[in-house]
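The values are calculated or read from the model by the stated rules, or taken from the named source; none is laboratory data. Bear in mind the structure is a predicted one, so any value in this text is a computation, not a measurement. For neighbour counting, all protein chains shown are included, and Cβ atoms are generated from backbone atoms with ideal geometry for every residue, glycine included. The protein model used for the area step is the full one, side chains on, heavy atoms only, and it has no ligands, DNA or RNA in it. Shrake-Rupley method; radii C 1.70, N 1.55, O 1.52, S 1.80 Å.
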Amino acid sequence: AVEWARRDFGSVAVGGDSSGGNLAAAAALKARDKGVEMAAQLLVYPVLDSTEDTDHKIAFKRRYARFAGQPGYGPNTYRRLKHIWETYVPDPAVRACPYASPLHAPSLAGSAPAMIITAEHDFLRGEAEDYAGRLRAEGVPVELREYAGQIHGFFEMFSVMTDSHHAVGVAGDALRRAFRHLDPN
């Protein structure tokens, strides 16, 4: 799809939130590997690492044991994500593939410039921060925006979360900058 879009439209970006962020990051890596230039990747609290026992995930499970008055919030989130990985990529050996877990790529150099949006109270925040750090270290332009006080899913809660308005604006601005060269004015 990226190759087709690049051929038919001249410039292309990918983006998504959560599992869609996983697909977008994987598409950006695949495009890089195939020599297909992309304008940007927009990753909103993306899933980037299938590893279950990262320091951040273990700390989240403990720290959020009672989040917002919900007993078991951290451990339940941990179990849900584990189940999602088991469903999405049933073979544990394949989960480490960079196209399934983009954070496992040996190199991120040459990937499309990235805008990464995270939420403070999100199980996935640590892997998004790690990904942004690796992109930066490998010379890929990246902008990382964390929304303090926010939860996974806030980006889509336009009618109830003021921060979602701001985050959607930030995402739109990033895409406008990425495609600025196409503006005839």
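Evaluated against (1) small (Gly, Ala, Ser); (2) at pLDDT 95 or above; (3) in contact with a Ser or Thr (Cβ under 8 Å, 6 or more places away or on another chain), Ser107 falls short on exactly one condition, (3). Among the residues making up segment 134-167, a single one is on the phi > 0 side of the Ramachandran plot, assigned to a loop (DSSP other than H, G, I, E, B) and open to solvent by less than 50 Å² (accessible area, probe 1.4 Å): Gly153.
Applying the set (1) open to solvent by less than 20 Å² (accessible area, probe 1.4 Å); (2) at pLDDT below 95; (3) in contact with a His (Cβ under 8 Å, 6 or more places away or on another chain) to Lys57 leaves exactly one unmet item: (3).
Quick one: would you say Ala27 is closer than 17 Å to His152 by Cβ and either without any contact (Cβ under 8 Å) to a residue 40 or more places away in the chain or within 20 Å of the chain's Cα centre (by Cα) (or both)? Against the criterion (closer than 17 Å to His152 by Cβ and either without any contact (Cβ under 8 Å) to a residue 40 or more places away in the chain or within 20 Å of the chain's Cα centre (by Cα) (or both)), Ala27 does not qualify. Can you name every residue in segment 168-185 that is more than 21 Å from Ala25 (Cα to Cα) and assigned to a helix (DSSP H, G or I)? Within segment 168-185, Arg180, His181, Leu182 meet the criteria. Only one of the numbered conditions (1) touching a helix residue (DSSP H, G or I) at 6+ places or on another chain (Cβ under 8 Å); (2) basic (Lys, Arg); (3) over 23 Å from Ala28 (Cα atoms) is violated by Lys82, and that is (1). Can you work out which of the residues in segment 4-40 that are in a loop (DSSP other than H, G, I, E, B) and out of contact with any helix residue (DSSP H, G or I) (no Cβ under 8 Å at 6 or more places or on another chain) is most open to solvent (accessible area, probe 1.4 Å)? Here the answer is Gly35. Of the residues making up segment 168-181, those that are closer than 17 Å to Gly16 by Cα and open to solvent by 100 Å² or more (accessible area, probe 1.4 Å) number 1. Can you confirm whether Ala112 is part of a helix (DSSP H, G or I) and under 20 Å from Ala31 (Cα atoms)? When the stated conditions are applied, Ala112 does not pass them. Residues in segment 42-51: is at least one surrounded by fewer than 17 Cβ atoms within 10 Å (Cβ to Cβ), among the hydroxyl-bearing types (Ser, Thr, Tyr) and in a loop (DSSP other than H, G, I, E, B)? Scanning segment 42-51, I find at least one residue that is surrounded by fewer than 17 Cβ atoms within 10 Å (Cβ to Cβ), among the hydroxyl-bearing types (Ser, Thr, Tyr) and in a loop (DSSP other than H, G, I, E, B), so the answer is yes. Could you tell me whether segment 164-185 includes any residue that is of a type in the set (Lys, Arg) and within 16 Å of Tyr45 (Cα to Cα)? No, segment 164-185 has no match at all. Within segment 96-128, the set of residues being free of Cβ contacts under 8 Å to residues at least 60 places away in the same chain and either acidic (Asp, Glu) or open to solvent by 30 Å² or more (accessible area, probe 1.4 Å) (or both) comprises Ala96, Cys97, His104, Pro106, Ser107, Ala109, Glu120, His121. I'm trying to understand the selection: among the residues of segment 67-85, which are surrounded by fewer than 16 Cβ atoms within 10 Å (Cβ to Cβ) and either on the phi > 0 side of the Ramachandran plot or part of a helix (DSSP H, G or I) (or both)? Within segment 67-85, Ala68, Gly69, Gly72, Pro75, Asn76, Arg79, Arg80, Lys82, His83, Ile84 meet the criteria.
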